[in-house]
Ligand SMILES: [Zn+2]
């Protein structure tokens with residue numbers, strides 16, 4: 001499968017008509033790669049912002065784009081339609097899912113429909129690359145520049161934070177780790193409602209012990225000294241989004257505290273259990 005690595009730049013602006021802040025996309029940058037890893041195309045287009053014509057200071061500093069630069073850009077609909085032609089049936093990849101959320105937001109703003117017409121297959125490169133080198137941690141996502149440093153991919157800081165440069169750097173990171181883990185397992189079908197449900201799903205801790213999502217087996221603990229089933233001697237209490245209580249092992253005459261948390265995710269519940277003392 002051919003793939004396209006996409007990176008976006010955007011400017012946050014308050015829309016009086018929509019009564020909310022909008023992350024207005026100002027640049028699409030992408031690189032297309034064939035099955036063998038050869039670059040077969042590049043896409044780099046600016047979009048003239050509509051909600052607010054002046055870029056925020058932080059965006060100007062980061063991208064080194066000026067108000068005049070983006071003013072010469074085309075509309076979001078023109079650029080995104082050209083990008084759809086560029087993508088064709090290739091899988092789209094982004095570093096983390098933030099760009100996908102921003103695309104949904106822009107389509108919602110301009111078309112009243114958050115569906116992304118050029119998205120047929122999707123891969124979160126950040127999740128893939130982090131897993132490939134065994135450092136995936138949901139709560140601590142690694143930025144592109146930091147990841148490149150970690151794996152020894154050289155880049156010039158000055159060239160980054162423009163969409164096409166970031167897309168190229170993502171490609172180099174991908175190619176540096178691609179032999180470690182099959183990429184195809186991370187490519188999701190994206191032209192279905194399930195994809196949008198997955199993207200919009202908010203991970204959360206289960207704080208009600210009677211929830212049907214809780215596997216009751218996880219509420220039993222064995223003694224960490226002898227391995228026998230311990231008896232719970234207190235009520236479960238919720239503490240920092242985890243359930244905590246005390247257990248007693250008769251064989252060892254030992255009392256210990258234990259903690260278990262249940263995090264609900266789109267594709268299941270992640271359980272973390274710990275004996276505290
Ligand atoms: Zn014991």
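Quick note: the coordinates plus some simple rules give every number you see, no bench work behind them. Everything numeric in this text was worked out from a predicted model, so none of it was measured. Backbone-built Cβ (ideal geometry, glycine too); neighbour counts: all protein chains shown.
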Query raised in the report: Which one of 142, 214, 187 has the biggest mean-square fluctuation once the chain is modelled by GNM with Cα springs under 10 Å?
Result: 214
Requested in this report: Please find the FRET efficiency linking residue 98 to residue 217, where r is the Cβ-Cβ separation and R0 is fixed at 22 Å, and quote it to the nearest 0.05.
Outcome: 0.05
Report summary line: Quick calc: nm separation of the 7 Å Cα→Cβ label points for residue 58 and residue 172 -> 2.6 nm
Query raised in the report: Relative contact order for region 204-275: what is it in percent, counting Cα pairs under 8 Å that are at least 6 residues apart?
Result: 29 percent
Report task. Grab the Cα-Cα distance for residue 19 and residue 271, subtract it from 0.36 nm times how many residues apart they are, and report the gain in nm with one decimal. Result -> 86.8 nm
Requested in this report: Report, to the nearest 10°, how far helix 76-87 tilts away from the longest principal axis of the Cα atoms in the chain, using its own Cα long axis and a range of 0 to 90°.
Outcome: 80 degrees
Report task. May I ask for the angle, rounded to the nearest 10°, between helix 98-111 and the longest principal axis of the chain, with both axes built from Cα atoms and the value confined to 0 to 90°? Result -> 60 degrees
Query raised in the report: With labels modelled as points extended 7 Å from the Cα through the Cβ direction, what inter-label distance (nm, one decimal) is found for residue 229 paired with residue 179?
Result: 5.1 nm
Report summary line: Mean separation of Cα contacts under 8 Å (at least 6 apart) over the residue count of region 3-200, i.e. the relative contact order in percent, is 24 percent
**Report entry** Rounded tilt (10° steps) of 163-177 against the dominant C-alpha axis of the chain
**Finding:** 50 degrees
Query raised in the report: Can you give the Kirkwood hydrodynamic radius for region 204-275, in Å, rounded to one decimal and based on Cα pairs?
Result: 12.7 Å
Query raised in the report: Where does the chain land on the Kirkwood hydrodynamic radius, alpha-carbon pairs, in angstrom?
Result: 21.6 Å
Report summary line: Expected max-MSF residue from 260, 22, 70 in the GNM of the chain (alpha carbon, under 10 Å) is 260
Query raised in the report: Assuming R0 = 25 Å, what is the FRET efficiency of residue 77 and residue 200, from their Cβ-Cβ distance, to the nearest 0.05?
Result: 0.65
Query raised in the report: Label point 7 Å out from residue 66 along Cα-to-Cβ: which residues of region 141-160 have amide N under 14 Å?
Result: none
Query raised in the report: Which of 236, 95, 10 comes first, and how do the rest follow, when ranked by fewest Cβ neighbours within 10 Å?
Result: 236, 10, 95
Query raised in the report: What value, in deg cm²/dmol to 500, does the helix sum -39500 (n - 2.57) over DSSP H runs of n ≥ 4 give at 222 nm once divided by the residues of the chain?
Result: -8000 deg cm²/dmol
Query raised in the report: Build a GNM of the chain with springs between Cα atoms under 10 Å: which of 109, 266, 122 gets the top mean-square fluctuation?
Result: 266
